[in-house]
1. One residue is enough: does the range 45-61 have a residue meeting the conditions without any contact (Cβ under 8 Å) to a residue 24 or more places away in the chain and closer than 30 Å to MET136 by Cβ?
2. Given ASP267, ASP283, which one is surrounded by fewer than 21 Cβ atoms within 10 Å (Cβ to Cβ), over 29 Å from SER327 (Cβ atoms) and at pLDDT 95 or above?
3. With (1) of a type in the set (Phe, Trp, Tyr); (2) surrounded by 24 or more Cβ atoms within 10 Å (Cβ to Cβ); (3) within 26 Å of PRO188 (Cα to Cα) as the list, and PHE130 as the residue in question, which single condition is left unmet?
4. Name, by its number, the condition in (1) in the same structural domain as VAL79 (by TED's automatic domain parsing); (2) part of a loop (DSSP other than H, G, I, E, B) that does not hold for PHE130.
5. Just checking, which of GLY51, GLY3, GLY42, GLY12 is over 13 Å from CYS379 (Cβ atoms), buried (at least 24 other Cβ atoms within 10 Å of the Cβ) and of a type outside the set (A, V, I, L, M)?
6. Please find, within the range 88-121, the residue that is nearest to the chain's Cα centre (by Cα) out of those that are in a loop (DSSP other than H, G, I, E, B) and more than 22 Å from ASN72 (Cβ to Cβ).
7. Which residues, taken from the range 141-162, are over 20 Å from the mean Cα position of the chain (by Cα) and at pLDDT 95 or above?
8. Considering every residue within the range 18-25, establish whether at least one is out of contact with any strand residue (DSSP E or B) (no Cβ under 6 Å at 6 or more places or on another chain) and in contact (Cβ under 8 Å) with a residue 60 or more places away in the chain.
Amino acid sequence: MTGFYGYRRSQGRPGIRNYVLVLPTSVCASDVANIIANQVDGAVSLHNQVGCSQVTSDLEMTFDFEVGFAANPNVYAVVLVSLGCEGCQCDEVAKRIAAVTDKPVEKVIIQEAGGTLRAVEQGVRYAKQFAAEAAMMQKELFPITELLLATECGGSDPTSGLAANVVIGALSDRIIDEGAATILSETPEFIGGEHLLAERAVTPEVGEKVLDIVHRYEAYVKRTSGEDIRSGNPTPGNKAGGITTLEEKSLGCIHKGGTRPVMEVYDYAKIIPADQKGLVIMDTPGNDPSSLTGMAAGGAQICVFSTGRGTALGNPIMPVIKLTGNSGTFKKMEDNIDFDASRYISREKTIEELRDELYDLVLETMCGRTTKSESLGICEIAVMRTCNYV
């Protein structure tokens, strides 16, 4: 059985990266966290635009994202950075992290440290210590059964549904058949095709969950905005690329889920258990950075991302392999795109041949090969919201 080299964790799946995550618990600590991370080799950070001035349901989603990022297998240790008076209190975040993982965590509270300079000094000391410990870890060989693969599409055009997403679906089937797990996301982009996913559910109860998240999403948008979700989807870029209806986009989107049974449905940013196998669905927005954030929080070690029009997107803790079925896009955006799936449309390769090439690229990336977005340092995130700031 094919395997990959990664870092053993005392709990859960192995990591394919070994980051020290400098995690701001709110927007008010984001720049300080980034200053800290930029001074430490092996540290990563992110701009957290939430964490305060939120109603309870919204704040809980933020807690889930923060805890999930901390618990992700690609993270060795965490330095929490908070202002001190935000909704996502540092002590509460640390407590919730400790409930799901025993990895090392230290806290920096800007108001208690005495301001930015002292907080940075404190955070750099913690991060450097963790980075030194992480550098001592040796990679080990793990079976492919330890993989949780995220799948995503964005900036879609007709070639996404005709080639790139089909290749991802074939990859998903192969990985599942070898005993691993994959995630299908982007709930609004199931609309019009949700019944096809529900029919593949392993039980009637799981099938109902598939239908429920789609109907709930549509009803929520109508209730909160008075508008139909179809007014914003397909996007202008989708339409310019040749996609005409949401149903057409949905049928292309769900190709990423291959043909295997749907085993379970998970809420946004909820941690997916290490013993979960097969195809699962996560209830995420169609918005690409938000969807990637949810799946990384769920524990995915790596993502394959199709784009017809082209995108530069990445993620702070989860390598993102981008592929396109559009030969013109691949030529224009080769700086950003890792894999050319247009060779199926040009009849140079079969779906099976491209699947196996992509499989090899996934394993190489898991063993340390950097993606285009990693090389460029592109690592946007966004977090799903339930309502406006308060």
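The values are calculated or read from the model by the stated rules, or taken from the named source; none is laboratory data. If you're wondering where the values come from, they're calculated on a predicted model, not measured in any experiment. We place every Cβ from the backbone using ideal geometry, glycine too, and count neighbours over all the protein chains shown.
1. no
2. It is ASP267.
3. (3)
4. So PHE130 meets the others, but not (2).
5. Just a single option satisfies the conditions, and that option is GLY51.
6. Residues of the range 88-121 that are in a loop (DSSP other than H, G, I, E, B), as a first pass: 88-89, 99-104, 114-115.
Restricting the remaining residues to those that are more than 22 Å from ASN72 (Cβ to Cβ) gives 114-115.
Numbers: GLY114: 35, GLY115: 33 Å.
Ranking the qualifying residues of the range 88-121, first place goes to GLY115.
7. Kept after step one, since they are over 20 Å from the mean Cα position of the chain (by Cα), are these residues of the range 141-162: 141-143, 157-159, 161-162.
Within the range 141-162, LEU141, PHE142, PRO143 meet the criteria.
8. Scanning the range 18-25, I find no residue that is out of contact with any strand residue (DSSP E or B) (no Cβ under 6 Å at 6 or more places or on another chain) and in contact (Cβ under 8 Å) with a residue 60 or more places away in the chain, so the answer is no.
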